[in-house]
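Shown next, in structure tokens, is the structure this report addresses.
The values are calculated or read from the model by the stated rules, or taken from the named source; none is laboratory data. As the structure is a prediction and not an experimental result, all values here were calculated from the model. Virtual Cβ from ideal backbone geometry, glycine too; neighbours counted across all protein chains shown.
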Amino acid sequence: MAKIWIVEDDPKIGLLIEMAVKKLGHDTLRLIDAAELECALHSQNSLPDLLLLDIMLRAKSGFEVLKDWKSDRRMRAIPVIIISARSAEQDKVRGLELGAEDYITKPFGIRELQARVQTALRRIAPAAERIVLGELTLLPASRTVFVSERHVDLTAMEFDLLCYLARHHDTVITRQTLLNEVWGYATQVDLSRTVDSHIKTLRTKLGDTAGEPRFIQTVRGTGYRLIAGKAP
């Protein structure tokens with residue numbers, strides 16, 4: 001059973017989300033705005049395993065909440081799923097670039113929501129293994145990454161993306177495969193900017209570049225491949 005916090009100012013939608021999550025057997029805490037979220041962070045005995053976040057909140061927007069959430073060392077690895085009526089591409093891209101692991105637009109189907117929640121929770125389940133590729137080391141159990149001896153801070157989605165590429169290193173992985181396997185999208189959708197945006201920030205954190213890749217190599221027109229890079 002996971003602990004899932006819901007930040008939604010519409011009481012009917014908030015209750016609908018809460019009921020859908022509870023049917024999966026998870027514990028929930030429903031909040032209406034950033035102020036209540038802040039209070040919960042100080043009053044609750046433990047942090048959530050997943051945050052479901054609306055964008056159009058009073059006083060402080062969901063984008064601002066997400067930015068603060070991902071900048072705090074305590075919460076940055078906790079995945080966030082945005083649930084919003086704002087369906088414009090620029091809003092989705094902004095949410096993903098700020099660190100959201102997924103973006104669901106309203107109105108949504110209950111089964112879709114439940115599937116996205118379960119996918120996000122599966123991604124953060126630890127695996128007892130150690131992956132070493134040249135100067136790159138991943139410790140899935142602790143969700144830790146090192147380049148040489150330098151610790152690299154990644155969001156939950158960035159770690160999942162890197163881990164998937166690492167487990168299939170030296171193999172070209174298409175964008176669609178990454179969307180299906182890492183993000184959990186079951187249908188054929190064109191969200192290549194989602195993948196490309198995460199690859200860009202991942203490269204920056206690893207000290208990698210597209211022109212002279214040490215770790216992530218772009219395969220033009222197809223996708224990406226993780227290579228066993230060496231430190232310069």
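Cβ-Cβ distance below 7 Å, separation of 6 or more or different chains: which pairs start in segment 153-179 with a residue that is in the same structural domain as H198 (by TED's automatic domain parsing) and in contact (Cβ under 8 Å) with a residue 24 or more places away in the chain and end on one that is part of a loop (DSSP other than H, G, I, E, B) and among the aromatic types (F, W, Y)?
none
Is it the case that segment 139-147 has a residue that's in a loop (DSSP other than H, G, I, E, B), at pLDDT below 90 and more than 19 Å from A77 (Cα to Cα)?
no
Does L179 satisfy being part of a loop (DSSP other than H, G, I, E, B) and buried (at least 17 other Cβ atoms within 10 Å of the Cβ)?
Considered against the rule, which asks whether it is part of a loop (DSSP other than H, G, I, E, B) and buried (at least 17 other Cβ atoms within 10 Å of the Cβ), L179 comes out as no.
In segment 49-68, which residue that is basic (K, R) and over 15 Å from the mean Cα position of the chain (by Cα) is surrounded by the fewest Cβ atoms within 10 Å (Cβ to Cβ)?
Result: R58.
What are the residues in segment 98-110 that are hydrophobic (A, V, I, L, M, F, W, C) and either part of a strand (DSSP E or B) or over 22 Å from V21 (Cα atoms) (or both), if any?
The answer is L98, I104.
Taking the residues in segment 85-97 that are touching a strand residue (DSSP E or B) at 6+ places or on another chain (Cβ under 9 Å) and outside any helix (DSSP H, G or I) as candidates, determine which candidate is surrounded by the most Cβ atoms within 10 Å (Cβ to Cβ).
That would be R86.
Look through segment 69-84, keep the residues that are outside any loop (DSSP other than H, G, I, E, B) and under 15 Å from the mean Cα position of the chain (by Cα), and return whichever of them is surrounded by the most Cβ atoms within 10 Å (Cβ to Cβ).
V80
Could you grab the pairs with beta carbons closer than 6 Å, sequence gap of 6+ or different chains, first residue in segment 106-122 and outside the structural domain of R143 (by TED's automatic domain parsing) and touching a residue at least 12 places away in the same chain (Cβ under 8 Å), second one assigned to a helix (DSSP H, G or I) and crowded, with 17+ Cβ neighbours inside 10 Å?
Taking only residues 6 or more apart or on different chains, the pairs are I110/A20; L113/A20; Q114/A20.
Out of all the residues in segment 162-173, is one or more exposed (fewer than 14 other Cβ atoms within 10 Å of the Cβ), at pLDDT 90 or above, in a helix (DSSP H, G or I) and polar (S, T, N, Q)?
Among the residues of segment 162-173, not one is exposed (fewer than 14 other Cβ atoms within 10 Å of the Cβ), at pLDDT 90 or above, in a helix (DSSP H, G or I) and polar (S, T, N, Q), which makes the answer no.
So for segment 17-37 (the condition being under 17 Å from P107 (Cβ atoms), surrounded by fewer than 17 Cβ atoms within 10 Å (Cβ to Cβ), touching a residue at least 40 places away in the same chain (Cβ under 8 Å) and more than 19 Å from the chain's Cα centre (by Cα)), does at least one residue qualify?
no
In segment 99-120, which residues are surrounded by 14 or more Cβ atoms within 10 Å (Cβ to Cβ) and either of a type in the set (V, I, T) or at pLDDT below 85 (or both)?
Hits for segment 99-120 are I104, T105, V117, T119.
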